[in-house]
Amino acid sequence: MKNTILATLLLATCFNASAASSTSTNSPFYGDKYRGWYWFEDPPVEPEKEPEKEKQAAPAAETKPEEEKKEEKVRLDVAWLRSKIPEYQEAAINNPTRENIARYMYVQRYMLDMGSRFATKTTEFNQFESELDESKRRPMSTFSLNVFKDDTKKAISNVISAINEKSHLWFFFSSNCAYCKKQLPLLKELKIRFGMNVLAISMDGSVLPGMEDIEVVVDKTNVAERFGVQFTPTMFMALNDGSGFTKIGEGLTTLPLMQDRILLSARLKNVITDEQYQQTQNVREINVLTDTDGTMLADAELIENDPGYLAEILKAKLADSKPVGAQLFNSLSGE
């Protein structure tokens, strides 16, 4: 009996120890038994955890509407036409659809209209730009042209008369030369019109009919050979002082051609001035290139940046050209 009671007490003691150990380690609430009737107290309420705020999804990036593409423009200028017209023409020839032909034909018309516009504007510009007036070279109207021709004839007569004072003509001929017989009247006409002195040089010692009023010499000193004369007729213009000789005709040569060559030779030999020579020409030379080497100097910066600069310096070169049918006014106020 004692053994039974002892075993019961021992078992209870072990149970209590085990429970105490369990509560002390697992729950502080049950470890407060010193407070008495603790089982009537409400167990401590753990503070409610605030519900986690739902992570708001980051607002989707607003998709910006695509920027409107800038409308691309093509300048339909001369450079564009130069590159595209052959392309469109080739396309129309290879595949002559209505669209291809229309594109080529209208682009071609556009090019012609650009040229027509340019021609119209340049014509309008020239109407009041006297420096570029081509009638200064040779008149356009019949009325002015008749006056111009009369002035030119007078100038030729005066200038050749001046040439005759410093030079004369050599006429190499032979009596059996049919062409020499045709050339003789033309030389006599020069003599009559302008008083040109003619020296006829016979290569065979004989003369031609009608040479009574022309001085004739026989070539006994091989002058023809020294001047390389191989054909008859041959004409030279010789300066009276022997400083210059110019062949102005070999074979039958017309009067206008001899006249032109006499004038040109006289200018090249400085027998007459450039101004005198220009007065004898059917088309006057009006040129901005006054230098002998044909070049001009201009400011490099201005010529690139100032569109009007080049026109002004070239215009100044032409400003003194004399118009046809006018004369220079000489004021008498200073006298």
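The values are calculated or read from the model by the stated rules, or taken from the named source; none is laboratory data. Just so we're clear, the structure is a prediction, and the values are computed from it rather than from any experiment. Glycine gets a Cβ as well: all are built from the backbone with ideal geometry, and neighbour counts include every protein chain shown.
Tabulated values for the structure
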item	result
Test: residue in the stretch 296-312 that is modelled with pLDDT under 80, outside the structural domain of SER161 (by TED's automatic domain parsing) and of a type in the set (Ser, Thr, Tyr)	no
Pick from the stretch 230-288, criterion of a type in the set (Gly, Ala, Ser) and touching a helix residue (DSSP H, G or I) at 6+ places or on another chain (Cβ under 9 Å), ranking: farthest from GLU165 (Cα to Cα)	GLY251
Single unsatisfied condition, ARG75 versus (1) part of a loop (DSSP other than H, G, I, E, B); (2) under 23 Å from TYR277 (Cβ atoms)	(2)
Pair list, Cβ < 8 Å and 6+ apart or interchain, from the stretch 105-127 residues that are more than 18 Å from ALA79 (Cβ to Cβ) and modelled with pLDDT under 95 to residues that are of a type outside the set (Phe, Trp, Tyr) and not in a helix (DSSP H, G or I)	ASN126/ASP133
Output for the stretch 119-150, where each listed residue is of a type in the set (Asp, Glu) and surrounded by 13 or more Cβ atoms within 10 Å (Cβ to Cβ)	GLU129, GLU131, ASP133
Failed item, numbered, when ALA266 is tested on (1) touching a residue at least 40 places away in the same chain (Cβ under 8 Å); (2) surrounded by 15 or more Cβ atoms within 10 Å (Cβ to Cβ); (3) more than 48 Å from the chain's Cα centre (by Cα)	(3)
Pairs where the first residue, in the stretch 79-103, is without any contact (Cβ under 8 Å) to a residue 60 or more places away in the chain and the second is part of a helix (DSSP H, G or I) and of a type in the set (Gly, Ala, Ser), C-beta under 6 Å, 6+ apart	ASN100/ALA91; ASN100/ALA92; ILE101/ALA92
Filter result for MET258 (closer than 20 Å to THR280 by Cβ, touching a Ser or Thr at 6+ places or on another chain (Cβ under 9 Å) and outside any loop (DSSP other than H, G, I, E, B))	no
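One line per residue, one yes/no per condition, for (1) closer than 24 Å to ASN270 by Cβ; (2) out of contact with any strand residue (DSSP E or B) (no Cβ under 9 Å at 6 or more places or on another chain):
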{"residue": "LEU184", "(1), (2)": "no, no"}
{"residue": "PHE194", "(1), (2)": "yes, yes"}
{"residue": "LEU199", "(1), (2)": "yes, no"}
{"residue": "ASP204", "(1), (2)": "no, no"}
{"residue": "PRO209", "(1), (2)": "no, yes"}
{"residue": "ASP219", "(1), (2)": "no, no"}
{"residue": "GLU225", "(1), (2)": "no, yes"}
{"residue": "THR232", "(1), (2)": "no, no"}
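Residues checked against (1) in contact with a His (Cβ under 9 Å, 6 or more places away or on another chain); (2) surrounded by fewer than 15 Cβ atoms within 10 Å (Cβ to Cβ); (3) outside the structural domain of LYS269 (by TED's automatic domain parsing):
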| position | (1), (2), (3) |
| --- | --- |
| ALA200 | no, no, no |
| SER206 | no, yes, no |
| PRO209 | no, yes, no |
| VAL218 | no, yes, no |
| VAL229 | no, no, no |
| MET235 | no, no, no |
| ALA238 | yes, no, no |
| GLY251 | no, yes, no |
| LEU255 | no, yes, no |
